[in-house]
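J.: Below: one structure in C-alpha cells.
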Amino acid sequence: MLKVAWMVSLSVLFFGELAAAQPADVQSEAATLPGATGDRPWARGVTGAQRKKAQRLLARGNALFLDSEYRQALAAYRQALEVWDHPALRFNIARTLINLDRPVEAYENIRLAVRHGPAPLPELYAEAKNYQILLRGQLAEITISCRQAGVRVTVDGTQYLDCPGERTAPLLPGQHKVIAEKAGFLPYSRNVTLVPAAVERLEITLLTLEEAAVTRRRWAWWKPWAVVGGSAAVASLGILFEWQAGSARDSYARDLRLFCSDTSCDVDDDLPDSAHRAWRRAQIEHAVGVSAIAIGSAGVLSGLLLVFLNRSRTFLPDRSEQPGPRGVRVVPAVSSDSVGAFLIHRF
C-alpha cells in the first residue's frame, strides 16, 4: 500500500505539471499545483507533444513499478527522461534504482531531483532529501583533479575525467583503481580504499621519464671512503709497528754479536736486560704490526667494494601507492538502519 500511495502521489504531481504546461484551454484543475508553470527551468523549451509522450511513458513506468518489474520500469522512466528531464522523473528513477540495489546511480538521480528545490516536488521534496542523506551515508566520494591537458583518468576501467579539470563523484565503499595516462608520460596508477560518508581527494600530476627518474646512492658518498681511509690508517700504523719491531730486532742482534761473538754463551744469563727487553718489544710490535696490516688491508679492500656498490644509480620510484596524509581520522557512517563511525589511522 505504501508503494501504491507513493506512485499515485507522484503520478498526480507529474501529470498535473504536464497539464499545466499545456495551453490554457486544456488546463485541468491540477494547474494549481506549486511549480506547474511553463517558465520553470525544468519546463522551458518542452513542447506539448513532448509532455504528452513523457506522460505516457511515466504511466507505463508506474504500472511496471507497481508490478515490481523494476528493470522494465527503469527503462520506461529513462525513455521519458530523454523526452523531458523533469525532477519528478529523477525521483522515480532513484526509487527504482534503490530497489535494484544500485545506490550510486540512485544518489546521482536524487541529487538532480532536488537541485531545483521543492517547487517541482511539493509533496515529495522532504522524502527526496531524506533519501539523499541516507544514500550519501552509504556511499563514498572521490574528488580527482589535474591541471595537465590531455590526461585521461579512469576509475575501475571507466572513463572518469579528461584533464584539465576536477570531478567529484560517488562510489561504493571499498577499493578502487585510479589510472591516469597521457602519451609521452609515465602512467599513474593507484589503489584507493574508500569508506562511507568520506571524500578522498587526489591531485594527479604525470611526469616524463626524465622528470620521474631519481639518482641515489646506497649511503652518503663519504662513508665508503671513510672506511677506506680509516683502514689505510690502520694498515699504516701496522707498518709503523713492523718497522719498530725490525729496529728492536736489530738492537737485539747487535747485543747478541757483542756478547756472544767468539764464545758460546747462555743467552738468558749472559745478555744484558736491554737486549731481552728489545727482543720482547720486537715480538710484541711484530704481532701488533702484522695484525694491523692484515686488518687494514682487508678494510681497504672492503671499503673499495663499498665505493663500487655506492656508485650512483638512476631508477624510477614506485608511484602506484602514493601515501596520503598520516594521522587519525574519524569518519561518520550513516545508513538506513544504523549510525556509526570509522576510525582510520594512516601510518
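J.: Return yes when V46 is modelled with pLDDT under 90, over 25 Å from D101 (Cβ atoms) and in the same structural domain as A119 (by TED's automatic domain parsing) and no when it is not.
T.: Working: modelled with pLDDT under 90: yes; over 25 Å from D101 (Cβ atoms): yes; in the same structural domain as A119 (by TED's automatic domain parsing): yes.
Yes; evaluated as a whole, the condition is true for this residue.
J.: Which condition from (1) surrounded by 21 or more Cβ atoms within 10 Å (Cβ to Cβ); (2) within 26 Å of E105 (Cα to Cα); (3) at pLDDT below 80 is the one that A80 breaks?
T.: The number of the failed condition is (3).
J.: Identify, from the list G184, G246, G230, the residue that is surrounded by fewer than 16 Cβ atoms within 10 Å (Cβ to Cβ) and on the phi > 0 side of the Ramachandran plot.
T.: On the way: G246 fails: on the phi > 0 side of the Ramachandran plot; G230 fails: on the phi > 0 side of the Ramachandran plot.
One residue alone meets the criteria, G184.
J.: Among the numbered criteria (1) assigned by TED's automatic domain parsing to the domain that holds H86; (2) in contact with a helix residue (DSSP H, G or I) (Cβ under 6 Å, 6 or more places away or on another chain), which single criterion is violated by L134?
T.: Going through (1) assigned by TED's automatic domain parsing to the domain that holds H86; (2) in contact with a helix residue (DSSP H, G or I) (Cβ under 6 Å, 6 or more places away or on another chain) one by one, L134 breaks only (2).
J.: Among strands (runs of 3 or more DSSP E) lying entirely in the stretch 149-256, which contain 1 or more residues that are modelled with pLDDT of 90 or more? Full working, then the answer.
T.: Values: elements: 152-155, 158-162, 165-171, 174-181, 188-194, 199-204, 214-216.
Counting at least 1 such residues, we get 152-155, 158-162, 165-171, 174-181, 188-194, 199-204.
J.: State all residues of the stretch 191-237 that are of a type in the set (V, I, T), within 37 Å of the chain's Cα centre (by Cα) and farther than 18 Å from E181 by Cα; if no residue qualifies, say none.
T.: The initial filter retains those residues of the stretch 191-237 that are of a type in the set (V, I, T), namely 192-193, 195, 199, 204-205, 208, 214-215, 227-228, 234.
Restricting the remaining residues to those that are within 37 Å of the chain's Cα centre (by Cα) gives 192-193, 195, 199, 204-205, 208, 214-215.
Scanning the stretch 191-237 gives T193, V195, V199, V214, T215.
J.: Now a separate question. Considering only the stretch 107-144, state which residues are buried (at least 17 other Cβ atoms within 10 Å of the Cβ), within 22 Å of the chain's Cα centre (by Cα) and not in a helix (DSSP H, G or I).
T.: L139, A140, E141, I142, I144
J.: For E200, state whether it is within 25 Å of Q148 (Cα to Cα), acidic (D, E) and surrounded by 13 or more Cβ atoms within 10 Å (Cβ to Cβ). Explain how you work it out, then say what you get.
T.: Numbers: within 25 Å of Q148 (Cα to Cα): yes; acidic (D, E): yes; surrounded by 13 or more Cβ atoms within 10 Å (Cβ to Cβ): yes.
Yes: the conditions hold for E200.
J.: Right, another one. When you scan the stretch 294-315, do you find a residue that is under 30 Å from T193 (Cβ atoms) and either touching an Asp or Glu at 6+ places or on another chain (Cβ under 9 Å) or at pLDDT below 85 (or both), even just one?
T.: Restricting attention to the stretch 294-315, the residues satisfying the condition of being under 30 Å from T193 (Cβ atoms) are 315.
Narrowing the set further to residues that are either touching an Asp or Glu at 6+ places or on another chain (Cβ under 9 Å) or at pLDDT below 85 (or both) leaves 315.
The answer is yes, given that some residue of the stretch 294-315 is under 30 Å from T193 (Cβ atoms) and either touching an Asp or Glu at 6+ places or on another chain (Cβ under 9 Å) or at pLDDT below 85 (or both).
The values are calculated or read from the model by the stated rules, or taken from the named source; none is laboratory data. Worth saying up front: this structure is predicted, and the values here are computed from it rather than measured. Ideal geometry is used to build each Cβ from the backbone, glycine not excepted, and the neighbour counts take in all protein chains shown.
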